[in-house]
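Okay, structure first, notes after.
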Amino acid sequence: MALIKLQINNRSYETDAAEDTPLLWVLRDNLGLVGTKFGCGIAQCGACTVHLDGEAVRSCVLPVSAVGKGKVTTIEGLSEKGDHPVQKAWEEIDVPQCGYCQAGQIMTAAAFLKKNPKPTDAQIVETMSGNICRCGTYHRIREAVKSAASKTK
Ligand code: FES
Ligand code: FES
């Protein structure tokens, strides 16, 4: 089986995973990058969100062979010291409860704010609505996205 090469968090990786293996499985099981979480496995909850060339994608339904030369960023690579504006806002507002969904929430928010640094409240709600939180931290998530946006203008 040919090795699949991947660029993740500005590092090169190789995996012998089958081509149709979802990227999420490769990240967690083959490469030990366990910050990205498994929730539903069917693109419905957002827990597995990573960036592919800056776009938020659901790694549970993305075959690893489809990544090609694309640059993958996981929560481990969003910033060197955990000080991305979104991460700082999350900390300041103390967003997480159990924390399970939060890496996916942060990755969705970070990709969104990069494209739309001055979002309206409605745009924030719409974008974040695809990320499910079983603990119901939605109010603090919205507050943190607004706070991060105000600091990245
Ligand atoms: S685990 Fe991928 S969207 Fe739920
Ligand atoms: S903080 Fe628990 S699932 Fe979101």
- Query: When you look at A122, is it in a helix (DSSP H, G or I) and under 22 Å from I42 (Cα atoms), yes or no?
  - Reply: no
- Task: Could you identify the single residue in A110, A89 that is touching a His at 6+ places or on another chain (Cβ under 8 Å) and away from ligand 1 (no atom under 13 Å from the Cβ)?
- Result: A110
- For K118, are the conditions met, namely being surrounded by fewer than 16 Cβ atoms within 10 Å (Cβ to Cβ), more than 22 Å from G39 (Cβ to Cβ) and more than 16 Å from ligand 1 (Cβ to nearest atom)? yes
- Any idea which residue in the stretch 129-139 is least open to solvent (accessible area, probe 1.4 Å), counting only those that are within 8 Å of ligand 2 (Cβ to nearest atom) and of a type outside the set (S, T, Y)? C133
- Message: For T108, only one of the following conditions fails: (1) crowded, with 17+ Cβ neighbours inside 10 Å; (2) more than 13 Å from ligand 2 (Cβ to nearest atom). What is its number?
- Response: (2)
- Message: Which of the numbered conditions does E126 fail, given that it passes all the others? Conditions: (1) buried (at least 21 other Cβ atoms within 10 Å of the Cβ); (2) more than 15 Å from V50 (Cα to Cα); (3) away from ligand 1 (no atom under 15 Å from the Cβ).
- Response: (1)
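The values are calculated or read from the model by the stated rules, or taken from the named source; none is laboratory data. The shown structure was predicted, so the numbers you read here are calculated from the model rather than taken from an experiment. Because the Cβ atoms are built from the backbone with ideal geometry, glycine has one as well, and the counts that use them run over all protein chains shown. The protein model used for the area step is the full one, side chains on, heavy atoms only, and it has no ligands, DNA or RNA in it. Shrake-Rupley method; radii C 1.70, N 1.55, O 1.52, S 1.80 Å.
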